[in-house]
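Notes for the one structure printed next.
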Amino acid sequence: MGIFQNWVDGFKPAETADFGKDPSYGGEFDEHFDKKPEILGDEEYANAARTVDTPDGGVAYVPEKTPLKRRLDGRHIQFIALGGGIGTGLFIGSAASLTTAGPAFMIVDFLIMGVMLMCVIYALGELACVLPVSGAFSTYASRFIDPAWGFAVGWNYYLQWLIVTPLEFTAAAIVIGFWDPEQKVPIGIWIMIFFLVITFINMFGVRGYAEFEFIATFIKLFTVIGLIITLIVIDCGGVVGGPGYLGTHTWWDPGAINNGFKGFCTVFTTAAFAFSGSELVGLAAAETKQPRKVLPKAAKQIVLRIIFFYVLSLFLVSLIVPFNDPRLTSGHNYDPHTSPFVIALKIGRVKVLPHIVNAVIIISTLSVANSGVYASSRTLLALAEQGFAPRLFKYVDREGRPLIAVAISLLFGVLAFLVYSSNEGVVFSWLLQISGLAAIFTWGSICMCHVRFRAAWKKQGNSLSELPWASPLGVYGSFLGLFLNVLVIAANIYIGAFDLDEAKESPNERAYNFFNSNISLVVILFFFLCYKLIKRTRIVRLMDMDIHTGRRDPVSVEVLEQERAEARARPFWKRMISTVF
């Protein structure tokens, strides 16, 4: 009876103290730090910052202690960084990239997106080390750019992950069709099973999310490593009874490029969807035990993830599967038979691995759905904490679970049952477009926040040596990342106006496709302009920026310099490894 009662009591509201308005706290951090250590250094609870509107159109930030629990270890954050977003975007979505643009443009586009993401994650790592606050992206945007933009980015990011959950439930159920093509078990049964699995995981709070991601990422990483080795063997003709030596013949016949410049522009959205989730390390910073030490390692691992798990695997698969292989386009969205990895294994006449790959694809879809519930619920909680959403969503129980926000995210997953709708393709197309490009706005916002944070940090008399960790690419990397984000948005607008089939389409069809491909731009502008017009906010001035409220684990410059000196004194090979790990 005691265990059951404790379980029931865990759902009751958390008992934590909020802290009232203290405007001088943000601007005079050093002077007031000793008076409020419980806000900045509590080992159990995460930090938040409530916004208070000021008469001149700005905002003041009030430090609060959110009931979220700091239960994420270093291994959780590092595995989330390595494989948190690896899913259908890589295993199945890459088919569209290969057939539309050809192997050369596919690799170039993924490299461009990889460089952009590297700039983003390094900038995010620096911000999250200094300010590991609840909400991350929307909080940074409100502080360092404009509260209206923070409102827009927060809701845009929330919708992105809210939509991902039913899409991934549907994808997992469709992948089951690899073994059950006649659907002897109705697809709705599988959707319900997956829904119950994700619900069960989220009953364990952030620890449940992290442990599932740790296991799923471990499986995904070993699968990708195994695929890379297998693809090399197939391409070199090492499979008995296989096609023999293939080399780079697919890059010559049928060729390396397809559909010219339009094909090049088309891949960006697919690549953005494949890379989505990389920024979750920043969102999880508030629930991490030692963000100052853990987040830099996680940020640096993005290099390994981009080069090894995306670019190398896609390059190898493109050496085996030609872009005109009819199997790449023989099915509908999420059809496992269209996966270039599965097709490559079939070309190599490897019989067992296609089944293993499809099993891993199912695990990957559940991993992304799990991330969707986590990201959307924490973002909604942060929006409520900032006053951007109803206070109802601030409810967090004694186990650190934002129950109402989690429930909303899970209930939205019921949309997966639209597979039984007569026009489910249209509905999922619009949902996918809202989710696909939304990440670009978040990434661009992170880069802009970093640029303005650095400017405010210097303007307010601080030096770079005082930062717990500084982005290796500096502010120039954020400028590059912002430029590439704008470039991707421009390419998406162009391909929406002049798509590959424009010659065959009527004016109405072209207009429909244009708005379909750019709906996420409309959504974020709608949120931004509505809040801007209603609240009359202004861009935050550098001297007014609050760059201290929510700081945690403060360390003196002397200690930081000593740690850096010790790092520089290590052998060369250790320093090289530390640049990636």
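Values computed for the structure shown
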| item | result |
| --- | --- |
| One residue from Leu487, Leu500 being closer than 30 Å to Gln433 by Cβ, in a loop (DSSP other than H, G, I, E, B) and open to solvent by 30 Å² or more (accessible area, probe 1.4 Å) | Leu500 |
| Hey, Phe273 under 15 Å from the mean Cα position of the chain (by Cα), within 24 Å of Ala439 (Cβ to Cβ) and at pLDDT below 85 or not | yes |
| Pairs, first of a type in the set (Ser, Thr, Tyr) in the stretch 347-363, second modelled with pLDDT under 90, C-beta under 7 Å, six or more apart | none |
| Among the residues listed as Gly247, Gly260, Gly237, the single one being out of contact with any strand residue (DSSP E or B) (no Cβ under 8 Å at 6 or more places or on another chain), open to solvent by less than 40 Å² (accessible area, probe 1.4 Å) and either closer than 25 Å to Val360 by Cα or touching a residue at least 40 places away in the same chain (Cβ under 8 Å) (or both) | Gly247 |
| Where Arg292 falls short, out of the listed (1) assigned to a helix (DSSP H, G or I); (2) open to solvent by 60 Å² or more (accessible area, probe 1.4 Å); (3) among the charged types (D, E, K, R) | (2) |
| Test: residue in the stretch 505-528 that is over 27 Å from the mean Cα position of the chain (by Cα), among the β-branched types (Val, Ile, Thr) and closer than 23 Å to Ile145 by Cα | no |
| Residue within the stretch 345-359 that is over 22 Å from Ala172 (Cβ atoms) and assigned to a helix (DSSP H, G or I) present | yes |
| Residue in the stretch 416-473 that is modelled with the lowest pLDDT, counting only those that are in contact with a Leu (Cβ under 6 Å, 6 or more places away or on another chain) and surrounded by fewer than 18 Cβ atoms within 10 Å (Cβ to Cβ) | Glu424 |
| Search result, residues across the stretch 516-558 that are open to solvent by less than 40 Å² (accessible area, probe 1.4 Å), assigned to a helix (DSSP H, G or I), over 30 Å from Glu287 (Cβ atoms) and not aliphatic (A, V, I, L, M) | Asn516, Ser517 |
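The rows are residues; the columns are (1) touching a helix residue (DSSP H, G or I) at 6+ places or on another chain (Cβ under 6 Å); (2) open to solvent by 20 Å² or more (accessible area, probe 1.4 Å); (3) part of a helix (DSSP H, G or I).
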| site | (1), (2), (3) |
| --- | --- |
| Phe110 | yes, no, yes |
| Met113 | yes, no, yes |
| Met118 | yes, yes, yes |
| Gly125 | yes, no, yes |
| Trp149 | yes, yes, yes |
| Val153 | yes, no, yes |
| Phe178 | yes, yes, no |
| Lys184 | no, yes, no |
| Ala210 | yes, no, yes |
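The values are calculated or read from the model by the stated rules, or taken from the named source; none is laboratory data. It should be emphasised that the depicted structure is a prediction, and the values quoted were computed from it without experimental measurement. Note: ideal-geometry Cβ built from the backbone for every residue, glycine included; neighbour counts use all protein chains shown. Ligands, DNA and RNA are stripped out before the accessible areas are found, and what is left, the full protein with its side chains, is counted by its heavy atoms. Shrake-Rupley method; radii C 1.70, N 1.55, O 1.52, S 1.80 Å.
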